[in-house]
Structures are given as C-alpha cells and as structure tokens.
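Student: Quick one: structure below, then a few questions.
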Amino acid sequence: MAAPPGDAPLTAANNIQPFFVLHKAAAATASSVPSSRARRRIDASLPSSPNPKSAKRTRDVDAQAEEDSELYEQLRLEAFHRIWSRIQSTIDEVLRGINLKLFDQVLQWAQESFSATRAVAKPCHAEVRQPYPILTDLICRRIPTAFVLTKNAEFVDDITTFRDLAGHLQSSGCHLAKLSAAELSVKHGVGGCFRSLLRQLLSDVPDVVDVSALASWYCDADNYDQPIIVIIDDLEQCSGDVLGELVMMLSEWVIKIPIFFVMGIATTLDAPKKLLSSEALQRLEPCKLTLGSPSDRMNALVEAILVKPCAGFCISHEVAMFLRNYFFRHDGTITSFISALKLACSQHFSMEPLSFLCMGVLQEDCEEFWHDKFEALPQVIQKYAFGLASCTSATNLSNSSNDMVNGLSKLLKSQKDWSSVLLCLYEAGRHDKVQLLDIFCEAVNPDLQTQNALNAELPISKVNIEKLSGMNSGSGKVYMAQVMNAIRYLPMETLLRVLEVWSIHLRGMSEINDKVKELQSTTIDADSVRATKEKWTRRSTGSTGNGTVPLNEKVAMLLQDITRKYLVPVECLPFHEIICFKNVGVLQSALIGNPRRMVQLDLLKSQRHLKCSCCSRIGTALSGSLHDTSIMCNLAQEYGDVINLHDWYISFEGIINSRNSKVNRKSYSSPSKKKSKSTPPESEAMIQARFCRAVTEMQITGLLRMPSKRRPDLVQRISFGP
C-alpha cells in the first residue's frame, strides 16, 4: 500500500485499496512542459555526437535488435504452445488407453445389470408413471453398484478418470448423472442432491421434486431402453446419512427406473461398510472393480513423453531426479508430476533463446526447417549457438548452418537409439519389479558415459554382475545392475518373450535386431526347457556354480554391449541445450518456493523491478521515494538479529526528511517564471504513522517479530537465506 502524501490524513478511507503499490513516484512540478532554459540545459547535458549519421545508425540498430528480440520471443511462445499441446494430447491418449479396460468392464457390468433387472419385471409405461413403486421383495429392491478402487492418495487424479468414464458410458447410450461429495452433504440433504440429479437429466425440473418426475421422463421413447448411471467419484467424502437416505429412496423404484451407482473409492473396499448403515448396504448389490496402480500409469507416461521423443523436449538428470522426488513426496499423484513437467517446459522456452528450434521435430522435413531458421538468425544468435557449453569440446565445427543441422540430426538419431535401448532395459527389469522412472533417471545421468568407458573392458560374467549388483547408490547404476542380474535368472519362456519385445523396440537398429533374431532362433528342445525350469526354481540369488544357461548369458552380454554403445545421455551430445531443460534451481524455486525469502529479496532490491529514474541511480543511498516497507527492510540490514526501535525510527525519519528537503530545493530553484507550489514537510505524527504501518507490514510478511513485554524497545529481525 502506498504511503499517503504529506497533506493527506491517515484515515481508514485511504486504507481500503485492494492492491499493494510498492512504489510512489517523486513529486511532480507544477508545469509538465519544461521551459526554454530547462530545454537548453537538458540538451547541453546530453553527450554530443560528432557524427549525426552514426547516432541515427545506432538508433536504427537498436530498434532492429529490439524488433528481432520480440520476434524470437513470439516464436518461442508459439513453439511452447505447440510442443506442450503435443505432450498433453499424448498424456490424454495414454491415460485413456490405460483406463479403457476399466471403462469396458463398467459398461459390461451396466449392460448385464440392466438385463438382469429387466428379467425380473418389465413394467409398461402406465405402470412406470404411477406415483408409487412396485411392491416386490427385498431381493428385487437392490441397486446394482460398482465400487471402483482407484488406489490414489489424492482425489485430483480421479477427476480425469471419472470424467472420461462418464463420456465413455454416455457415448454407449447410457443416461449419465454425476453427484459430488459437496452435493451429498448434510447442508444440501437428500432433496438437494436429488434435485441436482434431476437437473442433469430433465430439461425442466419441477418446483417440487420427487421420483415420479424422473419416472415420467424415463417413459419417453428416447429414454426408456437404457439404464441411468449415477457416478459418485469420491465416496469417502460424502455424508453417510444423506447417501444412505438416497439409496433407500431409489431402491424402491429400481424395477421401474433402472438406476445404478458407480462409486469411486480411494482407500479400501471396506469404506462403504464404515460409511453406510447396514440397512442401506442391504439395498446395494456390489460389484468390485479396480483401476490400475499409480506406478503403472507413471511407467506408461514416462515411456510416452520422456523416453520416446514425441515432441522434441527432454529434461536433464538433475531435473529428472527432482521430478521423481517431487512425485513421491506428493503421494504419487500423476497430476502433480504433469504440472511440474509443464512448468519445466515453459521455463525452458522462456530461458533458452534457441528453444523454438524444437518445433523441427514436429515437421516433416526437420533438416530443411532447421536450415531455414538458422540462416535467418542474426549473427549474434548464430555465434551464441556455437558457443554453447556442449559445442566447446567439438573440434570439427565450422560455425555454419550445415553443422547446426547435422548436430541436431545426430542428436535426434541418438535419442531414438537411446530410447530403444532404455525400453529394452525396462522390459527385462519389469519382471524384477523395476520401475521405468528409476531406470530413466539413471539413463540420463551424464556420468553414465564415463562409467561405460571404464567398464568397457569388463567381461560379462556371473562374478562381475554380482559386483555390479552390489554397487552403492552413489555409483548411479543400481537399477541397471539389477536388470543385468535379473536377466541371468529369468525362466526360459519369460526370456523368449523378452526377446520378442526387444525385436519390436529395436526395429530401427537393424544390426542389433539381427542379433536378437539370432538369439530367438536358438533351438532348445523340450527336455532342456523342462530341466531349466526345475533348476531355476531351486536356485538362489547368491548361488554360484557351473549351471549357467547359455542363452541367458548371451542375452546379458548383448544388453551390456548395446547399453555401452547406444545409451548415451542427452547431456553428452552437442546442441543438447536447445531441447533439454537443465535449470533445476528455477524449477525448484517455482514449485517448492520460498515466499518469505522472495519477499525479502524483492524489498531489498526493489529498484530492479521498478526501473524508475528516481530510485535506481548509482549509489548505495536509499531514496525516499521508495515504499516505506522497502526502506525499512533495507535499514534493518544494518542491524543484527535485534533492532532498536528508536534508532530504526531515527534513520527512517532522516530519509523521509531528506527527500522532502530535496523536493523543496528543486521547487525553489525552478527556472520557470511561475514558481511551483512547495510541498509542506510532513509532520512528525504522519512519519510515525507511516513507520508503524511499515513495521506492521513486515510483521505480517513474517520478516519481523514484534517486541515482547519485557523488552518493548527491541524487535527481532527474521532473515531467510544468506
């Protein structure tokens, strides 16, 4: 909130602004147009250019540079929208494909339940319109209910799932209604939630709602031969009494109106027993279904958007480790991981000048796109491209557009080979419960290239693999060593299935694919397979001996060889900065945040953000035109952990009075004929009021602890960071 001027009283009317203004401008003179003397003095103070044409040329160059900067900023923004749109569509497609099996199960259950209900009785339209239910026994008054166990710790991941489920059922002809936990609350009661149900089905809801209105709607020819599905996506958050009353009411009409429930459960399948009464539970006919685990969905997402180059954007090892830890700290919520990845993508396109070249991956002829874009770049940006840290070690670069195109093409080809080998590692490791995200974090580690070079001469053997599996977490290859160890003990049928999947992943690598086919063609008779089964069921992990399966040994050797040759992290390749986001500090600050630290820095360095002429001059002296809280925060840096209030006030008063004296001197020395009216100095009471308000703002922000009763003259300063 801006400090009031000296002639304005500090009243509540001046204190109701909805925004905080962190700066107040310096006092303006009475005349906004400078006089002729002032104009001459200003012109004389400017440095004279010996060559007017040179000055004009400089201004033209600056204007052109500013125009180019705006152009490439717009290109980066457009590239971000296109790249993230591609990533988001891939995410939606993957999640929809994972949930499709569950959706089909729910649809099949609804159709079977509808057929079973119609088999009991099929009332005519006149019977359905009667304002009372059909008298049947208790068995015929049970509502088919599908309990969907989502296994998610946070409801945020279930929103998309149940939204897609509703769309899938509705496209199959079912009537859909959704009731939230807020609608099934004591505040709304059963009447409020039933009115919400009717509002989603009926075009005209009567003032007095009852089940007969729903029965009349269902008798229409367009509505009669399909069930009504009511989706309750978060059962645990609903009111048990309201939901139980709704179940009891609708169960009386289930023969006339085939209305079924789909209820989402995040914890355990015993949740309905804890929530509903025994009488309400007897009116439900349960069917238990289970959604895929968060780890399975995460593996599918990592494969689609991080391992496979679907959009030309990737992340570094440090960013991958941060996102992995961020995912587990947020109870494994997919939504938090996707939000963090989107933020990383946006930060990359806002910070990297050449990031708009990522769009070349989405083009049919990426090399032509890169060549045209690079040729149109200014010399400064072209020089920046070849000055990247990843290009300094390259010796065969001639700083031409062909070098840039060849470098990006090799980068893209290397990424495709890297993803193929990584998927082969995961296919072998998932039989030992290895997660793709863990292997991915190891595969993008730039230290992997050095370790592969050191282990290049190490032959693959049982002793060496046991050494690799015993490496500590600091070595960076724990999960890869676990995969290598798991291959040696895979059953023969499982190993052959792994090779079949490898042949699919390695289609673009003909030489390696031929070796895989050669291993697949290895003939093993039925007796040896049976003997292998019996032997590996009796084996122990730490056993050593002569019973080594030749095919397992060959597969392990092949995997180690292609890992050493083709699993090259992206950070080890030239021009990787264009497509790879590496600044984990920016991402961490944006996601985890340190708001008090940021407020403190903004108050201490407000000139950098305001960029005004009155308080950004060179020098360490504080300007009185700064906001009072900013002045107080800067003055607090001169003290230790404890600040004397009287000394603090004297310093603050001195800065305010010095500003007022400067304004008065300027007004008295004004060259204009009409003297400007001098600003009267602020009273001591007004300065004290401004001081108290600034201290209160610092206390609310958390930068200050107010004085205690024992020492009322001292306050404690709270600092964040160095």
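The values are calculated or read from the model by the stated rules, or taken from the named source; none is laboratory data. As the structure is a prediction and not an experimental result, all values here were calculated from the model. Virtual Cβ from ideal backbone geometry, glycine too; neighbours counted across all protein chains shown. When the accessible area is computed, the model is the full protein with side chains, heavy atoms only, and any ligands, DNA or RNA have been set aside. Shrake-Rupley method; radii C 1.70, N 1.55, O 1.52, S 1.80 Å.
Student: Restrict the check to segment 369-392 and report whether at least one residue is among the acidic types (Asp, Glu), out of contact with any strand residue (DSSP E or B) (no Cβ under 6 Å at 6 or more places or on another chain), part of a loop (DSSP other than H, G, I, E, B) and surrounded by fewer than 21 Cβ atoms within 10 Å (Cβ to Cβ).
Tutor: Looking only at segment 369-392, we keep the residues that are among the acidic types (Asp, Glu), and these are 372, 375.
From the residues that got through so far, the ones that are out of contact with any strand residue (DSSP E or B) (no Cβ under 6 Å at 6 or more places or on another chain) too are 372, 375.
Next, from what is left, pick out any that are part of a loop (DSSP other than H, G, I, E, B): none.
No, the conditions are met nowhere in segment 369-392.
Student: Restricting attention to segment 670-685, does a residue exist that is in contact with an Asp or Glu (Cβ under 9 Å, 6 or more places away or on another chain) and at pLDDT 70 or above? Write out each step before concluding.
Tutor: The first filter runs over segment 670-685 and keeps only residues in contact with an Asp or Glu (Cβ under 9 Å, 6 or more places away or on another chain), leaving 679-680, 682, 684.
Next, from what is left, pick out any that are at pLDDT 70 or above: 682, 684.
Yes: one or more hits.
Student: Out of Glu236, Glu279, Glu245, report the one residue that is on the phi < 0 side of the Ramachandran plot, assigned to a helix (DSSP H, G or I), surrounded by fewer than 21 Cβ atoms within 10 Å (Cβ to Cβ) and modelled with pLDDT under 90.
Tutor: Numbers: Glu279 fails: modelled with pLDDT under 90; Glu245 fails: modelled with pLDDT under 90.
Of the residues listed, the single one that is on the phi < 0 side of the Ramachandran plot, assigned to a helix (DSSP H, G or I), surrounded by fewer than 21 Cβ atoms within 10 Å (Cβ to Cβ) and modelled with pLDDT under 90 is Glu236.
Student: Right, something else. Can you list residue pairs whose Cβ atoms sit under 7 Å apart, with the first residue in segment 398-426 being of a type in the set (Phe, Trp, Tyr) and the second being open to solvent by less than 20 Å² (accessible area, probe 1.4 Å) and in a helix (DSSP H, G or I)? Count only pairs 6 or more apart in sequence or on different chains.
Tutor: Close Cβ pairs (under 7 Å, with a partner that is open to solvent by less than 20 Å² (accessible area, probe 1.4 Å) and in a helix (DSSP H, G or I)) amount to Tyr426/Leu436; Tyr426/Ile439.
Student: I need the full set of residues from segment 93-114 which are of a type outside the set (A, V, I, L, M), open to solvent by 40 Å² or more (accessible area, probe 1.4 Å) and at pLDDT below 90, in order please. Walk me through how you get there before you give the answer.
Tutor: Kept after step one, since they are of a type outside the set (A, V, I, L, M), are these residues of segment 93-114: 93, 96-97, 99, 101, 103-105, 108-109, 111-114.
Subsequent filtering for residues that are open to solvent by 40 Å² or more (accessible area, probe 1.4 Å) retains 93, 96-97, 101, 104-105, 108, 111-112.
Scanning segment 93-114 gives Arg96, Gly97, Lys101.
Student: When the residues of segment 173-192 are filtered to those that are in a loop (DSSP other than H, G, I, E, B), among the aliphatic types (A, V, I, L, M) and closer than 28 Å to Glu112 by Cα, which remaining residue is least open to solvent (accessible area, probe 1.4 Å)? Working first, answer last.
Tutor: Residues of segment 173-192 in a loop (DSSP other than H, G, I, E, B): 173-174, 180-188.
Checking which are among the aliphatic types (A, V, I, L, M) leaves us with 181-182, 184, 186.
Narrowing further to those that are closer than 28 Å to Glu112 by Cα: 181, 184.
Working: Ala181: 23, Leu184: 0 Å².
The residue in question is Leu184.
Student: So, Lys273, is that one of a type in the set (Lys, Arg) and part of a helix (DSSP H, G or I) or not?
Tutor: Details: of a type in the set (Lys, Arg): yes; part of a helix (DSSP H, G or I): yes.
For Lys273, the condition - of a type in the set (Lys, Arg) and part of a helix (DSSP H, G or I) - is met.
Student: For segment 554-607, give me each residue that is open to solvent by 50 Å² or more (accessible area, probe 1.4 Å), closer than 24 Å to Glu352 by Cβ and among the aromatic types (Phe, Trp, Tyr).
Tutor: Scanning segment 554-607 gives no hits.
Student: For segment 301-315, what are the residues that are at pLDDT below 90 and either surrounded by fewer than 20 Cβ atoms within 10 Å (Cβ to Cβ) or at negative phi (or both)?
Tutor: Matches in segment 301-315: Lys308, Pro309, Cys310, Ala311.
Student: Here is a further query. Tally the residues that are open to solvent by less than 70 Å² (accessible area, probe 1.4 Å), modelled with pLDDT under 90 and of a type in the set (Gly, Ala, Ser), restricting the search to segment 193-233.
Tutor: Number satisfying all stated conditions: 4.
Student: Still on this structure: Being open to solvent by 40 Å² or more (accessible area, probe 1.4 Å) and part of a helix (DSSP H, G or I) is the filter here; which residues of segment 694-720 pass it?
Tutor: Matches in segment 694-720: Thr696, Gln699, Ile700, Thr701.
Student: Now for a different question. Hey, could you check segment 282-300 for residues that are aliphatic (A, V, I, L, M) and either in a helix (DSSP H, G or I) or open to solvent by 30 Å² or more (accessible area, probe 1.4 Å) (or both) and say which is modelled with the lowest pLDDT?
Tutor: If we filter segment 282-300 for residues that are aliphatic (A, V, I, L, M), which is where we start, we get 284, 289, 291, 298, 300.
Narrowing the set further to residues that are either in a helix (DSSP H, G or I) or open to solvent by 30 Å² or more (accessible area, probe 1.4 Å) (or both) leaves 298, 300.
Numbers: Met298: 89, Ala300: 92.
Looking at residues that are aliphatic (A, V, I, L, M) and either in a helix (DSSP H, G or I) or open to solvent by 30 Å² or more (accessible area, probe 1.4 Å) (or both), I get Met298.
Student: Considering only segment 72-128, state which residues are closer than 30 Å to Leu289 by Cβ and outside any helix (DSSP H, G or I).
Tutor: Residues of segment 72-128 that are closer than 30 Å to Leu289 by Cβ, as a first pass: 87-123, 128.
Once the filter is applied, which keeps residues that are closer than 30 Å to Leu289 by Cβ and outside any helix (DSSP H, G or I), segment 72-128 yields Ala121, Lys122, Pro123.
Student: Any residue in segment 266-293 that is over 16 Å from Ser239 (Cα atoms) sitting within a Cβ distance under 7 Å of a residue that is among the small types (Gly, Ala, Ser)? List the pairs, counting only those 6 or more apart or interchain.
Tutor: Listed by first residue and then by second, the contacts come to Arg283/Ser251; Cys287/Ala146; Leu289/Ala146.
Student: I've got another one for you. Determine whether Val715 is at pLDDT 85 or above and aliphatic (A, V, I, L, M).
Tutor: Details: at pLDDT 85 or above: yes; aliphatic (A, V, I, L, M): yes.
Considered against the rule, which asks whether it is at pLDDT 85 or above and aliphatic (A, V, I, L, M), Val715 comes out as yes.
Student: List pairs: first in segment 200-223 and under 10 Å from Ile257 (Cβ atoms), second at pLDDT 80 or above and among the basic types (Lys, Arg), Cβ under 8 Å, 6+ apart or cross-chain?
Tutor: Correct list of pairs: Ala215/Lys256; Tyr218/Lys256.
Student: Take Leu176 and tell me if it is in contact (Cβ under 8 Å) with a residue 24 or more places away in the chain and over 19 Å from Ser239 (Cβ atoms).
Tutor: Numbers: in contact (Cβ under 8 Å) with a residue 24 or more places away in the chain: yes; over 19 Å from Ser239 (Cβ atoms): yes.
Taking the combined requirement at face value, the residue satisfies it.
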